[in-house]
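What follows draws every value from the coordinates through simple rules; no lab data is involved. Model, not experiment: these values are computed from the prediction. With ideal geometry, Cβ positions are generated from the backbone for all residues, glycine too; neighbour counts draw on all protein chains shown.
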Amino acid sequence: MNISPREIVEKGKMIYYQIKSRLEKKYNLADYVSIEVNSGKYFVGKTPIESASKAKAKFPKKQFFIAQVGRVAGVLK
């Protein structure tokens, strides 16, 4: 199932705000999170590339919503 970038952003933001307080307690505010929006699974790294690489290793054909812990960023195709 293909999902549009707009849907990824909408779902990603919703998931991000559900897990935001947990992320902020566990990770540094300079870290990044990549979220696979269909499963809700997320991957944290020191850079957007590190978090996206972890996500792509688990879900190689998916697109991800990326946010910096503490604030929202965007979408990775």
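Please count how many residues of segment 34-55 are more than 17 Å from Pro5 (Cα to Cα) and out of contact with any Ser or Thr (no Cβ under 6 Å at 6 or more places or on another chain).
9
Just checking, how many residues over segment 1-49 are within 10 Å of Phe65 (Cβ to Cβ) and either of a type in the set (Phe, Trp, Tyr) or touching a Pro at 6+ places or on another chain (Cβ under 8 Å) (or both)?
Residues that pass the stated criteria total 3.
When the residues of segment 34-43 are filtered to those that are surrounded by fewer than 18 Cβ atoms within 10 Å (Cβ to Cβ) and closer than 17 Å to Arg22 by Cβ, which remaining residue is farthest from the chain's Cα centre (by Cα)?
Once the filter is applied, the top-ranked residue is Ser39.
Checking the structure you have, find out if any residue of segment 2-9 is of a type in the set (Val, Ile, Thr) and in a helix (DSSP H, G or I).
Checked segment 2-9: at least one residue is of a type in the set (Val, Ile, Thr) and in a helix (DSSP H, G or I).
Just to check your reading of the model, which residue among Tyr27, Tyr17 is surrounded by 13 or more Cβ atoms within 10 Å (Cβ to Cβ) and of a type in the set (Ser, Thr, Tyr)?
Tyr27
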